[in-house]
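As C-alpha cells, the structure follows; a few thoughts come after it.
The values are calculated or read from the model by the stated rules, or taken from the named source; none is laboratory data. What you see is a predicted model, and the numbers here were worked out from it, not measured in a lab. Here the Cβ is made from the backbone with ideal geometry for all residues, glycine too, and neighbour counts use every protein chain on show. The protein model used for the area step is the full one, side chains on, heavy atoms only, and it has no ligands, DNA or RNA in it. Shrake-Rupley method; radii C 1.70, N 1.55, O 1.52, S 1.80 Å.
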Amino acid sequence: MRLSRTLAPTLKETPAEAQIVSHRLMLRAGLVRQTAAGIYAWLPLGFRVLKNIEQIVREEQDAIGAQEMLMPTIQAAELWRQSGRYDAYGPEMLRIKDRHDREMLYGPTNEEMITDLFRQSVKSYRELPQMLYHIQWKFRDEVRPRFGVMRGREFLMKDAYSFDLDYAGAVISYRRMMLAYMRTFQRMGVKAIPMEAESGPIGGNLSHEFIILAPTGESQVWYDAAFERMDVSPAAVSHHSPADLERFFTEMTTHYAATDEKHDPALWEKVQEKREGRGIEVGHIFYFGTKYSSPLGLTVAGSDGTPVAPHMGSYGVGVSRLVGALIEAFHDDAGIKWPDAVAPFRAAILNLKVGDAACDRISEEIYAKFAGDALYDDREERAGVKFADADLMGHPWQIVVGPRGAASGRVELKRRATGERQEVDLDAALAQIG
Ligand code: P5A
C-alpha cells in the first residue's frame, strides 16, 4: 500500500483515554478507532494484523482436524432458556427484541447453538469424535470496557467445540487442543503459559487459561522456566498419539505451569526454576462433560443402541485481544515491534526524497517486488516524520531510500526488533528480507 493513499492516521500525542501501552500504540499507529464504548473499527493496518493472527489460529485448528464453520452473531433466546443460561448470564448479555417481539441476543459465546446444530444431525457414536470451530464476533456488555481491544464489548473470538462419546475421549480432545494452542502462540513469537483455572459461567470441571507474559497483565502466574524450552513441534508431539498427548499434558501441567502458589504449594515446591510474572489471558479452554448436551437433549446411539449424551469441551482464543497483547509483549519507547508472523507489512519503504528521479525509481522497484506486502511511504513529508512513523507502526524491516545512496543503487536496511542498520546494495537488502 502507498501510505499517501492509506487510512493510517498516526498521532504524535498520547491519547488521554488510553491507560496501557498497547491501547496508546494502537491509537497512535492508526490501527483502530473507538466508535462507541468498548467497540472498535479496525482501520486497514490493524485489520491486516487481525487477519494474520486469525490465519495462524485457523491453520493450527485445521492441523488438528477441527472443522471450520460460521455461526451467526444473533441468537434466539429460546436455546439459552433450555440450557438455563438465559437468566444466569446476567447484564453482560446484550438482549434484543425483533419486530415480532421475539427475544434475541447478540451471542457472547456459542455452546448452546453448536449443541443444537449437532443435535439436529448427528445420530450415532460412529460419527464421533468431532471438533468444530468458527471465528466470529462476540458481544459482552462489560461494566467497564477498558484497555482498548483487550477488554472490549465487541470482540473477535475463535471458539471451538468438541464432541466425544465418553470422558476418556473428551480428555484426548482437550489435550489435543492444548497442543494446538501452544503451537498457535509460539508461531506468534510468544509462549503462553497454561494455568489451571476456574471455569466460571462456561461451567465444567477441567479448565486452563493461556497467559502471555506482560507486566501490565491482570493475571498473576507462577511457572518453571524449563517450560520455555519445551518442544511442541509435530516431530516432538504427534496429535494423533494419545500416549504423546498424555506425556505432553503431564509435562505441561505438572512440572512447568503452576496455578497459584497458595492454592498448590506442594506443586510449587517441586518446581526447579521458579519464575513469577504477570500476564494477559489470550485463551481459555474448558471440559464440561454433558453440561449442555443433557439439558438440550443431544444424544447419539451408542454401540449397543442406547442413547448417550456426548461429552463436550469448548476452547476460546481472543483473536482481537491478541493484537493488544502482542503489542504489550513487543514494543519500545518509539512504538510497536511486530513479530514477523503477524506484522501488517513485512517492510516499510521510506522514500526520503519524493520527486527525486533515482529515489522514486528505486522505491517503486522495491515496492513492486514485495507484491503488496510492503507499505511504501511516498508522502511528501520530512525524513524525521517518516522514521518516526515507521518505528511507531513497527514493520519488521525498514528500507530507507535516500538521494545519496539511490544514485549508486544502495539503501539503508533497518531491523526494527534490534535497531540494527546496514547500508547495502538493493539486491542484498531484498535477499536479507527474504
Ligand atoms: C470458550 C470458547 C469462552 O467464552 N466459550 C467458547 C468459552 N471462554 S472465555 O474465556 O470467556 O473467552 C475466551 C477468550 O476470549 C477473550 N475475551 C475477550 N477479548 C476481548 N474483550 C473481551 N471482553 C473478552 N472476553 C473474553 C479472552 O482471550 C478469552 O480467553
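Per the conditions (1) more than 17 Å from VAL149 (Cα to Cα); (2) open to solvent by less than 70 Å² (accessible area, probe 1.4 Å), the sole criterion not satisfied by ALA41 is (1).
For LYS97, the criteria (1) within 11 Å of the ligand (Cβ to nearest atom); (2) open to solvent by 20 Å² or more (accessible area, probe 1.4 Å) hold in every case but one, which is (1).
Picking from residues in the range 76-94 that are acidic (Asp, Glu) and more than 21 Å from ILE135 (Cα to Cα), the one that is most open to solvent (accessible area, probe 1.4 Å) is ASP87.
Considering each residue of the range 47-63 in turn, at least one proves to be away from the ligand (no atom under 15 Å from the Cβ), acidic (Asp, Glu), closer than 30 Å to ILE336 by Cα and surrounded by 19 or more Cβ atoms within 10 Å (Cβ to Cβ).
When each of GLY316, GLY279, GLY283, GLY324 is tested for being open to solvent by less than 40 Å² (accessible area, probe 1.4 Å), closer than 25 Å to LYS158 by Cβ, at pLDDT below 95 and small (Gly, Ala, Ser), the lone residue that passes is GLY279.
Figure legend. Inter-residue proximity from the range 299-326: first residues farther than 30 Å from LEU27 by Cα and within 16 Å of the ligand (Cβ to nearest atom), second residues part of a strand (DSSP E or B) and among the charged types (D, E, K, R), beta-carbon distance below 7 Å, spacing 6+ or different chains. Indicated pairs: HIS311/ASP164; SER314/ASP159. The residues on offer are THR73, THR115, and the sole one that is open to solvent by less than 10 Å² (accessible area, probe 1.4 Å) and in contact (Cβ under 8 Å) with a residue 24 or more places away in the chain is THR115. The residue of the range 135-164 that is surrounded by the fewest Cβ atoms within 10 Å (Cβ to Cβ), among those that are basic (Lys, Arg) and more than 6 Å from the ligand (Cβ to nearest atom), is ARG144.
Does VAL317 qualify as being closer than 30 Å to PHE288 by Cα and among the β-branched types (Val, Ile, Thr)? It is true that VAL317 is closer than 30 Å to PHE288 by Cα and among the β-branched types (Val, Ile, Thr).
Taking residues in the range 374-397 that are closer than 20 Å to LEU430 by Cβ, and partners anywhere that are surrounded by fewer than 22 Cβ atoms within 10 Å (Cβ to Cβ) and polar (S, T, N, Q), the pairs with Cβ atoms closer than 6 Å and at least 6 places apart or on different chains are ASP378/SER4. Of the helices (runs of 4 or more DSSP H) entirely within the range 1-115, those holding at least 3 residues that are over 22 Å from the mean Cα position of the chain (by Cα) occupy 77-83, 85-88. Residues in the range 263-276 that are open to solvent by 70 Å² or more (accessible area, probe 1.4 Å) and under 29 Å from the mean Cα position of the chain (by Cα) were compared, and the one that is farthest from the ligand (Cβ to nearest atom) is LYS274. Once the range 389-424 is narrowed to residues that are open to solvent by 10 Å² or more (accessible area, probe 1.4 Å) and assigned to a helix (DSSP H, G or I), the residue that is nearest to ARG5 (Cα to Cα) is ASP389. For the range 165-178, the set of residues classified as open to solvent by less than 30 Å² (accessible area, probe 1.4 Å) and not β-branched (Val, Ile, Thr) consists of GLY169, ALA170, SER173, TYR174, MET177, MET178, listed by residue number. Scanning the range 1-18 for residues that are open to solvent by 80 Å² or more (accessible area, probe 1.4 Å) and at pLDDT 95 or above yields ARG2, ARG5, LEU7. Checked against the criterion of being more than 30 Å from ARG146 (Cβ to Cβ), charged (D, E, K, R) and open to solvent by less than 10 Å² (accessible area, probe 1.4 Å), the candidates LYS369, LYS386 yield just one match: LYS386.
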